[in-house]
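The values are calculated or read from the model by the stated rules, or taken from the named source; none is laboratory data. Bear in mind the structure is a predicted one, so any value in this text is a computation, not a measurement. All Cβ positions, even for glycine, are placed from backbone atoms using ideal geometry, and neighbour counts span all protein chains on display.
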């Protein structure tokens, strides 16, 4: 994008302009009229206002109003230059999209903020897209919702869903495989600890592993095409905890430790008969088509 | 009390006592407490039959009565809990057999068969039955001791003998009088068995269900800990429970503090527990730090003392059972969601998708499936600002465990009823062949007594053709399977009822008078 020629700041010969830009660059929160006045003592107000106006027009400075005071802020020309030759609508829309950062912004919100009508906005967006100034990204949270963001930005993980998404689809199989592998690792650790023995407490403490260890194990396995970070593994391990296959404690150093556990009870008697897991048990009665005497589920189970 | 429960109850009565008693029983279930003539009217049975049925039910402690306003008439009401417990009789017998061997088993069977009985009768009948058993020599004194042991351990308790001449006697017995020890001399027992002279001090005994449930509960807890940690931890828990009874009532939510020194001494005395004895402190530590916090430190005095949190253990076990039911019913993803909701108490659907790592669509489907089957509930929280559109309120999922337990209990009753119905229908469908088998068996037995030759016996045995034999084998297998699942279903019911008992402090299904 920086291919486009930079605005001629220095070459215009106006040292006043370069002085003002330098001043504005040094103060990212913005400069006021007074600041300019006090820094450019030997320049008349008429001259520097002219320069400021010129800078504003070229887009190197931006005008803000804070507490009823006018502030000028410096704006990076490399981001700005794309709008050269575009009309005001495009500038406005571009700015709104720029503000949204890498989270992106929904078209409806752009409409509200810019006060443009739908057809006009669509036109503007299309032209910006054609210029490769912005891009549309499909959000994972709602498949039909498109969000716009600047062309060169990497979408936020809340938009793409992070490592678990590929083209807006949640890769549940990938998650399942990781879940199983993590659990396998925990169980392995626990068995090793049991073998070493040395008392139940020591064996138990040995079987705790941190997410970092699991991360290393998973990375070495090489089952993942995408690079996973420790945070990703942490969330996978949490699903193992939720499956009641592991427990999680907080170590003294503040990180989570995981350990494979067994359940207290074998599966309850209720689910050993077919009725406990019958999907139509609420329709079952003494009379009617669904009844215990002729139930096919029961028959199949009895013939097993 | 639901209609499903009523169905199970009437089925049990039908199977064990026949049609008339069942009719009276279900009438009492439907109409609640009623006087004799009402029962006659509702059931359309002759008075004598109603009376007889009531007598049977009272004898087995399945019906109780209180005086009406008019003190000459009694109101009868059904003790459904006790009827339901009939399904659990096999478990009681196994429990006693393990502790008191054959003598205990026979005595308990006698009491269960007769509802209640006098000491003389129990001992007399048991002795005769034991005598018939093969390779069994039994002395009168031994039998008496077992009987006494059962009383001491409170497996048996006295029943009230009505006194005075009120038209409707009240059957009440105070806690203190229940377990007064009978004095039975050895010579009396000898006289009883040889000359059938009743004991001098006659006392009447019945079964104390509560004591059995206490044992079953302990067994459940110990096996759970054995499964989760290891056998030594199970043994430790057993010792803890034994020590608990010295100073705490059996059904307290938490035990009184148990000094660790005492536990140590007991374990040292048991020679088989070397590993446990060596790593005792570590085991206590492991148990204390377990997720469900079964034992907790009370104080440091005397080397430290611990409390057992029985109520918390049971609650934890019930949660796990429900989770497993969800797992089997809706598969592992749903169980993951269920557990997540449990951990977070209140949680929004979006969070569920993120934390459980389940695709949005599937997570939604599972959530609403769980909701439909009443395992989870929805709490809506209105946003104050907007009152239109799809985002007008927050939606939170949560679990009301007590409601879920009751719902699952209903499901258990329904399954039980279905299993029993199926068993009956299988029997009816194959009635002809079962009858034939029985007839052949009786003939064989008769012939054997008359001294028939092998050939003759084989001839008769051939009356049952091979395909029939195959069918019989299949029926036998079916019956076995259904009976087994019935017992296992009752395990679930037992645990869920324990939960209700602990959480509501209600004397549910454990009423003993």
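In this structure, is residue B:108 at pLDDT 85 or above, buried (at least 20 other Cβ atoms within 10 Å of the Cβ) and either farther than 19 Å from residue B:186 by Cβ or over 23 Å from the mean Cα position of the chain (by Cα) (or both)?
Details: at pLDDT 85 or above: yes; buried (at least 20 other Cβ atoms within 10 Å of the Cβ): yes; either farther than 19 Å from residue B:186 by Cβ or over 23 Å from the mean Cα position of the chain (by Cα) (or both): yes.
Yes.
Would you say residue B:407 is free of Cβ contacts under 8 Å to residues at least 60 places away in the same chain, closer than 30 Å to residue B:310 by Cβ and surrounded by 14 or more Cβ atoms within 10 Å (Cβ to Cβ)?
On the way: free of Cβ contacts under 8 Å to residues at least 60 places away in the same chain: yes; closer than 30 Å to residue B:310 by Cβ: yes; surrounded by 14 or more Cβ atoms within 10 Å (Cβ to Cβ): yes.
Taking the combined requirement at face value, the residue satisfies it.
Do we have residue A:194 as more than 10 Å from chain B (Cβ to nearest Cβ) and in a helix (DSSP H, G or I) here? If you could, list the steps in order and put the result at the bottom.
Numbers: more than 10 Å from chain B (Cβ to nearest Cβ): no; in a helix (DSSP H, G or I): yes.
It is false that residue A:194 is more than 10 Å from chain B (Cβ to nearest Cβ) and in a helix (DSSP H, G or I).
Across the range A:93-131, what is the number of residues that are in contact (Cβ under 8 Å) with a residue 24 or more places away in the chain and either farther than 26 Å from residue B:360 by Cβ or within 18 Å of the chain's Cα centre (by Cα) (or both)? Even if it seems obvious, please write down each step before you answer.
As a first pass, look at the range A:93-131 and keep what is in contact (Cβ under 8 Å) with a residue 24 or more places away in the chain: A:93-94, A:97-98, A:100-107, A:110, A:114, A:116, A:120-121, A:124-125, A:127-128, A:131.
Keeping just the survivors that are either farther than 26 Å from residue B:360 by Cβ or within 18 Å of the chain's Cα centre (by Cα) (or both) gives A:93-94, A:97-98, A:100-106, A:114, A:116, A:120-121, A:124-125, A:127-128, A:131.
Of the residues in the range A:93-131, 20 are in contact (Cβ under 8 Å) with a residue 24 or more places away in the chain and either farther than 26 Å from residue B:360 by Cβ or within 18 Å of the chain's Cα centre (by Cα) (or both).
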Counting only residues that are in a strand (DSSP E or B) and either at pLDDT below 70 or more than 10 Å from chain B (Cβ to nearest Cβ) (or both), how many does the range A:145-177 have? 6
Selection from the range A:211-248 of residues that are assigned to a loop (DSSP other than H, G, I, E, B) and within 14 Å of another protein chain (Cβ to nearest Cβ): A:228, A:243, A:244, A:245
Note on the range B:444-491: residues farther than 17 Å from residue B:434 by Cα, in contact (Cβ under 8 Å) with a residue 12 or more places away in the chain and more than 14 Å from chain A (Cβ to nearest Cβ) are B:447, B:457
What is the one condition in (1) surrounded by 12 or more Cβ atoms within 10 Å (Cβ to Cβ); (2) at pLDDT below 80; (3) farther than 15 Å from residue A:71 by Cα that residue A:8 does not satisfy? (1)
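Looking at the range B:328-345, which of the residues that are farther than 20 Å from residue A:248 by Cα and more than 8 Å from chain A (Cβ to nearest Cβ) is surrounded by the fewest Cβ atoms within 10 Å (Cβ to Cβ)?
Going through the qualifying residues, I end up with B:331.
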For residue A:295, state whether it is surrounded by 19 or more Cβ atoms within 10 Å (Cβ to Cβ) and either more than 13 Å from every other protein chain (Cβ to nearest Cβ) or farther than 25 Å from residue B:336 by Cα (or both). yes
Being facing chain B (nearest Cβ under 10 Å), in a helix (DSSP H, G or I) and surrounded by 18 or more Cβ atoms within 10 Å (Cβ to Cβ), is that true of even one residue in the range A:249-268? no
Which residue pairs have Cβ atoms under 7 Å apart, sit 6 or more places apart or on different chains, and have a first residue in the range A:143-160 that is at positive phi and surrounded by 15 or more Cβ atoms within 10 Å (Cβ to Cβ) and a second that is at pLDDT below 80 and not in a loop (DSSP other than H, G, I, E, B)? none
Of all residues in the range A:210-239, count the ones that are surrounded by 13 or more Cβ atoms within 10 Å (Cβ to Cβ), without any contact (Cβ under 8 Å) to a residue 40 or more places away in the chain and over 16 Å from residue A:164 (Cβ atoms). 4
Under the condition of being surrounded by 21 or more Cβ atoms within 10 Å (Cβ to Cβ) and part of a loop (DSSP other than H, G, I, E, B), which residue from the range B:347-384 is farthest from the other protein chains (Cβ to nearest Cβ)? B:376
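For the range B:457-475, what are the residues that are surrounded by 12 or more Cβ atoms within 10 Å (Cβ to Cβ) and either part of a helix (DSSP H, G or I) or modelled with pLDDT of 90 or more (or both)? Write out each step before concluding.
At the first step, the residues of the range B:457-475 found to be surrounded by 12 or more Cβ atoms within 10 Å (Cβ to Cβ) are B:457, B:459-461, B:463-464, B:468-469, B:471-472, B:474-475.
Correct list: B:457, B:459, B:460, B:461, B:468, B:469, B:471, B:472, B:474, B:475.
Give me the residue from the range B:130-144 that is loosely packed, with under 15 Cβ neighbours inside 10 Å and assigned to a helix (DSSP H, G or I) and, out of that set, modelled with the highest pLDDT. Step through it out loud before you land on a result.
To start, the set of residues in the range B:130-144 that are loosely packed, with under 15 Cβ neighbours inside 10 Å comprises B:131-137, B:139, B:141-142.
With the extra rule that they be assigned to a helix (DSSP H, G or I), the set shrinks to B:131-132, B:141-142.
Numbers: B:131: 82, B:132: 81, B:141: 82, B:142: 85.
Looking at the filtered set, the residue picked out is B:142.
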From the options B:117, B:139, B:183, B:174, residue that is in the same structural domain as residue B:199 (by TED's automatic domain parsing) and in contact with a strand residue (DSSP E or B) (Cβ under 8 Å, 6 or more places away or on another chain): B:117
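Could you please give the count of residues in the range A:281-290 that are crowded, with 16+ Cβ neighbours inside 10 Å and either facing chain B (nearest Cβ under 8 Å) or modelled with pLDDT under 85 (or both)? Show your work before the answer.
As a first pass, look at the range A:281-290 and keep what is crowded, with 16+ Cβ neighbours inside 10 Å: A:281, A:284, A:290.
Keeping just the survivors that are either facing chain B (nearest Cβ under 8 Å) or modelled with pLDDT under 85 (or both) gives A:281, A:284.
Total satisfying the criteria: 2.
Do any helices (runs of 4 or more DSSP H) entirely within the range B:231-311 hold 1 or more residues that are out of contact with any strand residue (DSSP E or B) (no Cβ under 7 Å at 6 or more places or on another chain), within 14 Å of another protein chain (Cβ to nearest Cβ) and surrounded by fewer than 18 Cβ atoms within 10 Å (Cβ to Cβ), and if so, which? Give the derivation first.
Values: elements: B:231-247, B:260-269, B:274-278, B:280-288.
Counting at least 1 such residues, we get B:231-247, B:274-278, B:280-288.
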